[in-house]
Structure formats: structure tokens, C-alpha cells
Amino acid sequence: MKHFDLLETKRKHVKTYSDKVPEKELIERSLWKAWKTSPSKNNAMAYQALVWGPEKEIHKEAIHSLVVKCHADVEDKAVKDGQSTKTQGAKLGNYENPYYRHIKENPYLITIHSRLSTPNEYYKKQVETGHFYDQGSKDHIEQIIDSVAVEVGIFVANLTNYLLEEGLDISYNSCFKRRPEDWHKVGLNMIDTRPIVMISCGYAERYRREDLKHLKVEHEDIKPKIEDIVKWI
């Protein structure tokens with residue numbers, strides 16, 4: 001299947017995954033391909049993909065709590081700042097956006113975080129001549145987050161294609177607490193750098209689009225027109 005057809009027909013936001021657990025080799029192969037084909041400034045790859053497998057249910061519950069907390073805090077702040085008049089009441093045990101369920105109920109969750117990089121042999125020599133390798137500086141890990149996030153986006157886009165080729169489904173999420181200290185509060189002490197994005201994968205049981213079709217509102221939830229996004233100068 002061609003790349004466009006694969007993304008156009010297969011890539012949908014997953015509401016719930018089935019109980020079927022993909023073979024670990026499928027995930028490993030897709031991750032290897034994404035690593036192999038994703039470009040990076042100075043070949044630094046100043047990020048790291050953490051894979052939370054089927055046995056990490058408690059950890060995924062904790063990560064999900066950080067997602068719900070972020071959702072709630074964003075809405076509360078909008079009301080406080082006068083930018084909104086009410087919230088959806090997003091709290092654990094109260095209203096939880098059902099389209100975040102894929103974060104805690106999945107075979108595999110991948111969270112991608114900043115990483116201090118060590119220069120390869122070529123760039124070690126460049127550093128000796130005056131090149132500043134900012135990907136290896138703890139003081140610059142936040143300053144370079146924009147460029148690292150671009151690289152992560154490329155990595156995730158590539159990974160998406162490879163997972164789809166393996167017959168898997170994938171969903172993204174960027175609503176979560178980004179301070180490592182917040183992750184420590186829910187017992188995830190192994191996280192010591194900023195998370196950038198997270199994705200889940202497995203075999204879908206139901207897609208979000210199916211809910212929209214059932215409610216007869218699928219036609220309302222559409223992208224902006226291409227002329228609003230792409231402008232020829």
C-alpha cells in the first residue's frame with residue numbers, strides 16, 4: 001500500500017484497543033526503522049523513546065492521571081484568566097475525556113523525552129575546533145526543545161508509517177504534565193527529563209470516528225481548508 005493510502009485509510013484516533021497484544025518484534029522492528037530513517041542535527045538524537053509494555057499497567061494509569069490533571073488545570077486556568085466561562089470538570093473519578101483512555105488501556109505506550117546526547121567521533125573533533133555541541137549541555141536542554149521537538153515529530157511520523165505497515169493502530173497525545181517533578185509525584189521516578197509527546201499502539205477495537213458517525217456529527221469535526229494552511233507567496 002502506498003504511503004498516502006496507508007495514512008489516509010488506516011491512521012485513526014483509537015478510542016479503545018482490543019485485548020490482543022501485538023508481538024513485541026513488531027514494535028521493535030518499527031522502532032528500529034524509525035531510528036534508522038529519522039534525521040537529526042549533528043546526528044545527536046537528543047531524545048529518547050521509553051516503551052511501556054503490556055506489564056506496565058500501573059505506570060500507564062499514573063501517566064493517564066497526569067493527562068487528566070493537565071486537562072483539568074488548563075481549563076481551570078482558562079476560567080480564572082477570563083478566557084472561558086466554564087470547564088468540563090475534568091477530574092479523576094469525575095469527568096474523564098474518553099479519548100484519553102488509550103493512554104492507560106493499551107498494549108504498548110511510548111513516551112518520548114529530552115535526552116542529553118554524547119557527540120560521535122566526528123563531532124568530538126568539531127568540538128575541539130570550537131563547535132558548541134548544545135545537545136550535550138544540561139543548561140541548554142530546555143533552550144533547544146523546539147528543534148528537538150521537530151526531530152521527535154519526524155521520528156513519530158516515521159514510526160507511525162512503520163507501525164501501520166505492521167497492521168497496528170496508533171494514537172497520539174500531547175496533553176500531559178511536562179515537569180519531571182510531576183511525574184515523580186505519581187511514582188514515576190525514573191523520568192528525569194522533559195516529556196515531549198506520547199503515543200499508544202495496538203489493535204483498535206473502536207475508533208473515535210465511529211463515535212462521531214454514531215452521533216451524526218462526523219461532518220462537523222474536519223480540518224481547516226488547505227488554502228488556510230498552505231499559502232503560496
Checklist (1) open to solvent by less than 70 Å² (accessible area, probe 1.4 Å); (2) at pLDDT below 95; (3) out of contact with any Leu (no Cβ under 6 Å at 6 or more places or on another chain); (4) of a type in the set (D, E, K, R) applied to Lys33, failing item = (2)
query = Among the numbered criteria (1) without any contact (Cβ under 8 Å) to a residue 12 or more places away in the chain; (2) of a type outside the set (Lys, Arg); (3) part of a helix (DSSP H, G or I), which single criterion is violated by Gly130?
reply = (3)
Tyr17 being buried (at least 18 other Cβ atoms within 10 Å of the Cβ), more than 17 Å from Glu166 (Cα to Cα) and touching a residue at least 40 places away in the same chain (Cβ under 8 Å) = no
remark   = Residues in the range 36-69 that are open to solvent by 70 Å² or more (accessible area, probe 1.4 Å) and at pLDDT below 95 total 1
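The values are calculated or read from the model by the stated rules, or taken from the named source; none is laboratory data. Since we're looking at a predicted model, the values are computed, not measured. Counting neighbours? That spans all protein chains shown, and the Cβs are built from the backbone with ideal geometry, glycine included. Quick note on the areas: whole protein, heavy atoms, side chains included, nothing else; ligands and nucleic acids left out. Shrake-Rupley method; radii C 1.70, N 1.55, O 1.52, S 1.80 Å.
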